[in-house]
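Taken together, the values in this text are just the output of simple stated rules run on the coordinates, not laboratory data. Nothing here was measured: the structure is a model prediction, and the numbers come from that model. When we count neighbours, we look across all protein chains shown, and the Cβ atoms used for this are built from the backbone with ideal geometry, even at glycine.
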Amino acid sequence: MRRIILAIPIACACLGLSRQSSDSTPKTFWKLTWRDEFSDASLDLSKWSFVTGGNGFGNHELETYTGRPSNVYLDNGMLVIKALREEHTGADGISRPYTSGRLTTRGRFAQACGRFEARIQIPYGQGIWPAFWMMGDGNAQWPDRGEIDIMENIGREPETVHGTIHGPGYSGSHGIGAPFSLPHGRKFADEFHVFAVEWEPQSIRWFVDDRLYQTTTPADLPPGTKWVYDHPFYLLLNLAIGGDWPGNPDETTVFPQMMRVDYVRVYQRR
């Protein structure tokens, strides 16, 4: 689910330790390499660029992504991505019934291996699809360059998020992943949570609030497929409306919908 200042992608060495604990690796093992605390007056366009358009990116989404302040802005130290129900005609000349925002660090920052985390409060509702994820840098086509979904939620499941990888031979509905659900009917939309992955050469681990819920290694791939997590990936944040997985909004869906991001931080092993 562009350029003003160009930064050199960081191709950090994939060094790490295997870890079977239910907790994340202690922060003393990590060195901060990139961050955005969203504390400036406006979005830092040396770190992010807008992805605009409305073709659904292969998912049959219903929104047009824009770079307008009504869809993406900073408020009281938070990044806000706001989805609106409104008719809007994009650069392709097609009118669509929703607008929203999608940000990427492509061309500004990418890193291989490390800890990638964000503190986010997601919205909920039928047809709402917030995501914090990563795509492999380079010119290869998707899914050959790989995708790591750190957090996805479909709004009809307000208590559950998903972590998934997509690669050649295991993409789309065949992606490899797992859900994490809050207990006792709690909703992720009720408060902020920290979503993270710890990525090492032969494993990727997913966390919610530093609790491990999934580990994926090359042994989990379908026979004959390739582990493509050996090069830098860049970051994305977006709030999609509709699509093949979440389905479309219905009469119960309230707008506007807002995804609030307190910070995004990236680390590598010391």
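Can you tell me how many residues within the range 238-254 are of a type in the set (Val, Ile, Thr) and touching a Phe, Trp or Tyr at 6+ places or on another chain (Cβ under 9 Å)? Of the residues in the range 238-254, 1 are of a type in the set (Val, Ile, Thr) and touching a Phe, Trp or Tyr at 6+ places or on another chain (Cβ under 9 Å).
The set of residues in the range 118-128 being farther than 8 Å from Gly155 by Cβ and surrounded by fewer than 22 Cβ atoms within 10 Å (Cβ to Cβ) consists of Arg119, Gln121.
Note on the range 161-198: residues that are outside any loop (DSSP other than H, G, I, E, B) and out of contact with any helix residue (DSSP H, G or I) (no Cβ under 8 Å at 6 or more places or on another chain) total 23. Taking the criterion of being surrounded by fewer than 23 Cβ atoms within 10 Å (Cβ to Cβ) and in contact with a Leu (Cβ under 8 Å, 6 or more places away or on another chain), would at least one residue in the range 140-153 satisfy it? No: zero hits. In the range 233-270, of all residues being part of a strand (DSSP E or B) and over 26 Å from Gly67 (Cα atoms), the one that is nearest to the chain's Cα centre (by Cα) corresponds to Tyr267.
Looking at Thr253, Thr216, Thr160, Thr225, which is the one that is within 27 Å of Phe109 (Cβ to Cβ) and of a type in the set (Ser, Thr, Tyr)? Every option except Thr216 fails the conditions.
Of all the residues in the range 222-247, those that are farther than 16 Å from Pro143 by Cβ and touching a strand residue (DSSP E or B) at 6+ places or on another chain (Cβ under 8 Å) number 10.
The number of residues in the range 98-135 that are in a strand (DSSP E or B) and over 22 Å from Thr252 (Cα atoms) comes to 15. Within the range 66-97, the residues that satisfy the criterion of being under 20 Å from Gln121 (Cβ atoms), part of a strand (DSSP E or B) and not charged (D, E, K, R) are Val72, Tyr73, Leu74, Met78, Leu79, Val80, Ile81, Ala83, Leu84.
Asp230 meets each of the listed conditions (1) farther than 26 Å from Gly77 by Cα; (2) within 15 Å of the chain's Cα centre (by Cα); (3) not small (Gly, Ala, Ser) apart from (2).
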